[in-house]
Ligand SMILES: [Fe+2]
Ligand SMILES: [Fe+2]
C-alpha cells in the first residue's frame with residue numbers, strides 16, 4: 001500500500017481488497033461457477049462462520065474438487081480476481097473470427113465438462129440407491145441456461161464437436177442442453193426452463209435400474225429385451241418421486257419422454273396434447289441426439305440428415321408444428337454441420353441465421369481438395385465468392401465418413417475426446 005494512504009478495512013463483492021488480500025480483487029460467486037484454475041480467497045474469521053460459504057483458501061485444481069465442495073453442501077465462495085475484471089465479467093469473445101470462435105467454444109466446453117462430471121455423479125449415486133437432491137442438477141442447469149441464453153449456437157456447435165466416449169452421460173447433458181436452447185427459443189420462462197433442463201438431465205435415470213447386459217448390448221435387441229428397456233421411463237418416475245424433492249412436471253416429463261404424437265410410444269401409449277410439453281421437447285432432443293451420436297452399433301448421421309429423418313416422422317412421432325419449430329430453432333444446417341459451399345470449399349456451420357436459414361455463418365476450414373486451410377469465419381448471407389457470386393451451401397457431409405477431425409480443422413486444439421470416462 002502506498003505510504004501516507006489511510007488503511008481501509010477489507011471489502012468484499014467486486015471491490016479491491018488492500019489490507020488482507022493484497023492487490024487482488026475478490027468476488028463472491030456460486031460454488032457451481034467454480035472452475036479449475038480459480039483461486040479461493042483467504043477470508044477473515046467472521047466470514048468463516050457463514051455455514052454455506054466455502055472458505056478453504058487455495059487453487060481449485062479439478063472439476064472433481066468442485067463436485068466435492070458442492071457435495072459438502074457449500075453454495076457460495078469468494079474467489080480472487082486478478083485486476084479490475086475477471087474473465088466472467090469481460091465481454092464474451094466475439095465469434096466473428098476463428099480465434100474468437102475458438103475462445104467461445106473453449107468457455108462453453110468448461111461448462112459442458114462440469115455438467116458431464118455432475119451427470120456422472122448423479123447417475124452413479126442413483127445406481128447405488130443414494131439419495132438425490134434438487135440443488136446439484138439445478139446448479140448445472142443454471143450454468144447451461146446462461147450459455148444457451150448468451151450463445152446458443154456455440155453450445156450447439158460444441159455438442160457436435162465433442163466426441164466423448166461415454167454416451168450414457170453425454171446423452172443426458174446433450175438432451176439437457178438442447179432442451180434448454182429449444183425452451184429458451186420457444187419463450188419458456190426462466191423457472192420453467194430450469195425444471196425442463198433438470199428433466200432433460202435426468203430423463204434416462206430409470207436406466208440405472210436396468211440390467212447392464214441389456215443396456216450395453218451391441219446390436220439389435222430381442223423383443224423381450226426391448227420390453228425391459230421400455231421400463232425405464234416409469235422406473236425413472238418412481239426413482240425420482242421417492243426423493244420427494246422433484247416437482248411433478250419433472251416427474252411427468254421423465255415418465256412421458258418416449259410417448260409419441262400418434263400414440264405408438266410407451267409406457268402408456270398416450271397421444272397428441274395429452275403428452276406434456278416438457279416431454280414433447282425432450283423426445284425431440286432425445287431422438288436428435290441419439291441419431292447424431294456414435295453408438296457401438298451405429299455411426300452418427302449428420303445434423304442435417306437427422307433433421308431430414310425426423311421431419312419424415314412428423315405427424316407420427318412428433319406433431320408437425322412442433323417438429324417445424326425444432327428445425328427453425330436448430331436451423332436447416334444446425335451449428336456443427338460440415339457443409340460444402342458452391343465455391344468448392346468445406347466449412348463448419350457456427351451460427352444459424354433465422355432470417356435466412358440457407359445462409360448461416362460458417363468457419364471455412366478446407367479447400368476444394370479437402371486440404372486444411374487457415375480457418376476463417378464467413379457470413380454466407382453477406383460474403384461473395386472469389387467469382388463475385390453469392391455463397392450457398394450445396395451439400396452436407398458426415399465428417400466421420402471422411403475421417404475428419406473437425407476440432408483440429410477449426411484450430412480448437414485437442415481435448416474434445418474425454419479420456420477414460422467410464
Ligand atoms: Fe429414454
Ligand atoms: Fe434418452
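The values are calculated or read from the model by the stated rules, or taken from the named source; none is laboratory data. Because the structure is a prediction, the values reported are computed rather than measured. Cβ placement follows ideal geometry from the backbone for every residue including glycine, while neighbour counts extend to all protein chains displayed.
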* Yes/no for residue 125 being assigned to a helix (DSSP H, G or I) and free of Cβ contacts under 8 Å to residues at least 24 places away in the same chain -> yes
* Qualifying residue in segment 174-196 (condition: farther than 21 Å from residue 300 by Cα, within 16 Å of ligand 1 (Cβ to nearest atom) and buried (at least 20 other Cβ atoms within 10 Å of the Cβ)) -> yes
* Out of 251, 282, 307, 234, sole residue that is away from ligand 1 (no atom under 16 Å from the Cβ) and at pLDDT 95 or above -> 307
* Asked: (1) more than 16 Å from ligand 2 (Cβ to nearest atom); (2) in contact (Cβ under 8 Å) with a residue 60 or more places away in the chain; (3) surrounded by fewer than 24 Cβ atoms within 10 Å (Cβ to Cβ); (4) over 30 Å from residue 397 (Cβ atoms): which one isn't true of residue 140, the others all being true?
  -> (3)
* Asked: Scanning for something within 20 Å of residue 180 (Cα to Cα), more than 15 Å from ligand 2 (Cβ to nearest atom) and touching a residue at least 24 places away in the same chain (Cβ under 8 Å), does segment 254-264 turn up at least one residue?
  -> no
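Does any residue of segment 392-399 turn out to be outside the structural domain of residue 293 (by TED's automatic domain parsing) and part of a loop (DSSP other than H, G, I, E, B)?
yes
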* Structure fact -> Reported set for segment 203-214 where residues are part of a helix (DSSP H, G or I) and more than 11 Å from ligand 1 (Cβ to nearest atom) is 208, 209, 212, 213, 214
* Asked: Only one of (1) at pLDDT below 95; (2) farther than 20 Å from residue 284 by Cα; (3) within 16 Å of ligand 1 (Cβ to nearest atom) is not met by residue 220, so which one is it?
  -> (3)
